[in-house]
């Protein structure tokens, strides 16, 4: 990713002209949410601690303008809460600050001046599988679609 920043807005490694943005998409069944998100949280901890970065977590919930059903949002939010509770570290609820397509866990780190920056996000999109018409073969060897 490249961006042309105005003079004076570059800030160490937080605001730069070019960077690589790695995204990962994990497709899972609802009953796999807790274990998969827990695995991602443990990966985040391992990477951040390797670089000496402490962090805190925020669970951002459904915003006023969103897509998806109430059931999808409830399932996704409860799945993230369950993973955070299993992870065992304190987290804050950030009401209404989720993405329009799903709740998210925001990972915040501190810079050398003690300022907090959101540095990573774990987002749970329950609408995307429908939009892409995704299906899977279950344990019973039957197609979910």
In the range 99-111, anything surrounded by 15 or more Cβ atoms within 10 Å (Cβ to Cβ) and under 24 Å from residue 54 (Cβ atoms) is listed as 103, 104, 105, 106, 107, 108, 109
In the range 98-121, residues that are closer than 18 Å to residue 25 by Cα and in contact (Cβ under 8 Å) with a residue 40 or more places away in the chain total 7
Residue pairs within 7 Å by beta carbon, gap of at least six or interchain, first lying in the range 22-36 and on the phi > 0 side of the Ramachandran plot and part of a loop (DSSP other than H, G, I, E, B), second at pLDDT 90 or above and surrounded by fewer than 12 Cβ atoms within 10 Å (Cβ to Cβ), listed first then second, are none
Considering residues that are over 19 Å from residue 25 (Cα atoms) and in a loop (DSSP other than H, G, I, E, B), the number found within the range 129-144 is 6
Going through the range 51-78 in order, the residues found to be modelled with pLDDT under 95 and under 20 Å from residue 24 (Cα atoms) are 76
When every residue in the range 112-129 that is out of contact with any helix residue (DSSP H, G or I) (no Cβ under 9 Å at 6 or more places or on another chain) and surrounded by 10 or more Cβ atoms within 10 Å (Cβ to Cβ) is compared, the one nearest to residue 34 (Cα to Cα) is 123
Looking across the range 64-83 at residues that are in a helix (DSSP H, G or I) and more than 17 Å from the chain's Cα centre (by Cα), the single one that is nearest to residue 97 (Cα to Cα) is 70
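The values are calculated or read from the model by the stated rules, or taken from the named source; none is laboratory data. Source: prediction; values computed, not measured. Virtual Cβ from ideal backbone geometry, glycine too; neighbours counted across all protein chains shown.
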